[in-house]
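Novice: The structure is given below, and queries will be raised subsequently.
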Amino acid sequence: MLDTALKLLKELTSRSYKAYIVGGFVRDHLLGIESSDIDITTNATPKEIKKIFEDSCLPNEDYGSVTVLLKGIRFEITTFRKEIAYINNRKPVEIKYIDDLEEDLLRRDFTINTICMDENGEILDLLHGKEDLDQRLIRTVGNSYDKFMEDSLRILRAVRFATILGFSLDPEVKESISKTKYLLHSLSYTRKREELDKIFTSPNYKEGVKLLLELGLDQELELNHLERVLDSDTISLIGIWSVIEANPKYPFSKNEHELLKNIRSVIGHNHLDPMVLYQYGLYVNSVAGEIQGQDIKKITEAYANLVIKSRNDINIHSQDIMDLLQKEAGPYLKEIYDDIEKEILYHRLNNCKEDICKYIKEHYQ
Ligand code: ATP
Ligand code: MG
């Protein structure tokens, strides 16, 4: 990965451009963590970058940066820039391409995200990010109040990096968050969810949740009962969202909504009960069981031992029942199915046609 990145840098520097790896990759590399994508900063303009990497450019959503895909690795190449004016405490509305690396680094969020690597793999640390990295500290580049006023997403990025890396927030950062956190109200729910998902999927998520609570961000983010997350262990992302009462404006897919609804309704039930397992399925019961601190292995075993997993597994057709009772189709069929389904699940009736017919004759003829 690094080899490919350094080759890419050389493509630029051999044409007399300045180019460096910056941001997450260098930070994580120094910490011995693997990254999945690489950010590159250069004084070449997007037009010039596109010309050099004509064959491997992806169509770009982001103005001012070019995405190149080489050997399956995503490279986000961004031109040195100064951000001039911001709108709604979020997006810079005006940027200016510049030629100076240091000036580009000054517009970035945290010192640990400003460490650069050149085409020879040498570290270049103009803003002393490494000191903060060694001290495991999240500190903004320059005045933190201004940084958060410019872009409120940085508040959540600070908590995200602190959580994932197990770092502390600099006291000045904490203080500025308390003064600017109200801005999170106007940050889009999609952005908020993206950052929260990264916090919640970290193995260190409980520390992240504690930090959100300590900073009072749960209120600003409209996450009621966030503290409930601290009560259970190793809960999955959907499990975490299901114990929080988040503002309904948070975006969830249809499938996620369905899961959240089912998990919430099955919490508190016995996840070894055949009917509960049958109705809600293994996944929903496992997540709910996990939230309640139950043994997932036992739930999985109980599910595997269900006699039937769906109505299709019942060894009788509607036509058989109609023939047996010599009746046209009608709502009584559902009633019979509900009944035999329950009898079979609780092992009171064998799932074989002969026994089922006998049962129906005895109870419904
Ligand atoms: P990761 O990719 O691991 O999530 P990252 O630090 O690489 O973390 P990116 O979102 O990929 O984060 O951004 C790349 C770099 O761009 C950051 O390291 C930082 O220097 C800068 N950056 C990103 N978002 C912001 C922002 N909202 N404000 C200021 N600088 C930012
Ligand atoms: Mg990155």
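Novice: Sketch the reach of a paramagnetic label on residue 313 as a point 7 Å from Cα along Cα-to-Cβ, and name the residues of segment 280-295 whose backbone nitrogen lies under 16 Å away.
Specialist: Once the point is set 7 Å along Cα→Cβ of residue 313, 280-286 turn out to lie under 16 Å by backbone N, inside segment 280-295.
Novice: Follow-up question, since we're still on this one. Output wanted: per-residue J couplings in Hz (rounded whole) for segment 35-43, from phi through Karplus 6.51 cos²θ - 1.76 cosθ + 1.60, θ = phi - 60°, x for Gly and Pro.
Specialist: Ordered by residue, 3J(HN,Hα) equals 10, 9, 9, 10, 9, 10, 10, 8, 8 Hz.
Novice: Moving on. Give the long-range amide H neighbours of residue 70: residues separated by 5 or more places, or on another chain, with amide H under 5 Å away, using H modelled in the peptide plane at 1.01 Å from N.
Specialist: The list, which skips near neighbours in sequence, is 75.
Novice: Just the Kirkwood number for segment 1-135, please: inverse of mean 1/r across all distinct Cα pairs, in Å, one decimal.
Specialist: 15.2
Novice: Now for a different question. Have a look at 316, 143, 329 and report the one farthest towards the positive end of the charge dipole of the chain, computed about the Cα centre with Cβ charges (Lys/Arg +1, Asp/Glu -1).
Specialist: Of the options given, the answer is 329.
Novice: Determine the calculated [θ] at 222 nm for the chain from helices alone, applying -39500 (n - 2.57) to every DSSP H run no shorter than 4 residues and normalising by the residue count; nearest 500 deg cm²/dmol. Walk me through the numbers before you get to the answer.
Specialist: Details: 18 runs with 175 residues, N = 365.
Taking each H run of at least 4 residues, the total per residue is -14000 deg cm²/dmol.
Novice: Report the antiparallel proportion of the DSSP beta bridges in the chain as a percent, rounded to a multiple of 5. Provide the component values of the computation, followed by the final result.
Specialist: Details: 25 of 33 bridges.
Given both bridge residues lie in the chain, the antiparallel proportion sits at roughly 75 percent.
Novice: For segment 87-145, what is the Kirkwood estimate of the hydrodynamic radius, computed as the reciprocal of the mean inverse distance between distinct Cα atoms, to one decimal in Å?
Specialist: Values: mean 1/r = 0.0778 Å⁻¹.
After inverting the mean inverse Cα-Cα distance, the result is 12.8 Å.
Novice: Also, I was wondering about something else. Counting only other residues whose beta carbon sits under 15 Å from that of residue 13, what net charge do I get with K and R as +1, D and E as -1? Write out the running numbers ahead of the final one.
Specialist: Details: positive: 7, 10, 15, 18; negative: 11, 48, 99, 118, 119, 122.
Result for the local shell: -2.
Novice: How big is the shadow of the Cα convex hull of segment 155-292, averaged over all directions, in nm²?
Specialist: Values: hull surface 32.1 nm².
Across all orientations, segment 155-292 yields a mean hull projection of 8.0 nm².
Novice: To the nearest 20 debye, what is the magnitude of the charge dipole of segment 313-364 about its Cα centre, counting +1 on the Cβ of each Lys and Arg and -1 on the Cβ of each Asp and Glu? Please report the intermediate quantities before stating the final value.
Specialist: On the way: 7 positive and 12 negative charges, 17 e Å.
Here the size comes out at about 80 debye.
Novice: Amide H of residue 224 versus every other amide H placed in the peptide plane: which residues, excluding those fewer than 5 positions away on the same chain, fall under 5 Å?
Specialist: Here 245, 246, 247 satisfy the definition.
Novice: Reachable lysines from residue 7, Cα under 18 Å, same-chain residues fewer than 8 places away excluded?
Specialist: Straight-distance partners of residue 7: 18, 50, 51, 71.
Novice: On average, how much area does the Cα convex hull of the chain cover when viewed from any direction, in nm²? Spell out each step's value before the answer.
Specialist: Values: hull surface 95.5 nm².
The Cα convex hull of the chain, projected and averaged over all directions, gives 23.9 nm².
Novice: Using a cut-off of 22 Å between alpha-carbon atoms, which lysines can reach residue 210, once sequence neighbours fewer than 8 places away in the same chain are excluded?
Specialist: Counting by Cα, and skipping residues close in sequence, residue 210 has these lysines nearby: 174, 179, 181, 192, 198.
Novice: Something else now. Based only on the alpha carbon positions, what is the Kirkwood hydrodynamic radius of segment 302-365, in angstrom?
Specialist: On the way: mean 1/r = 0.0832 Å⁻¹.
By the Kirkwood definition, the hydrodynamic radius is 12.0 Å.
Each reported figure results from applying straightforward, stated rules to the coordinates on display, with no laboratory input. None of the values given here were measured: they were computed from a predicted structure. No Cβ is skipped: glycine too gets one built from the backbone with ideal geometry, and neighbour counts run over all protein chains shown.
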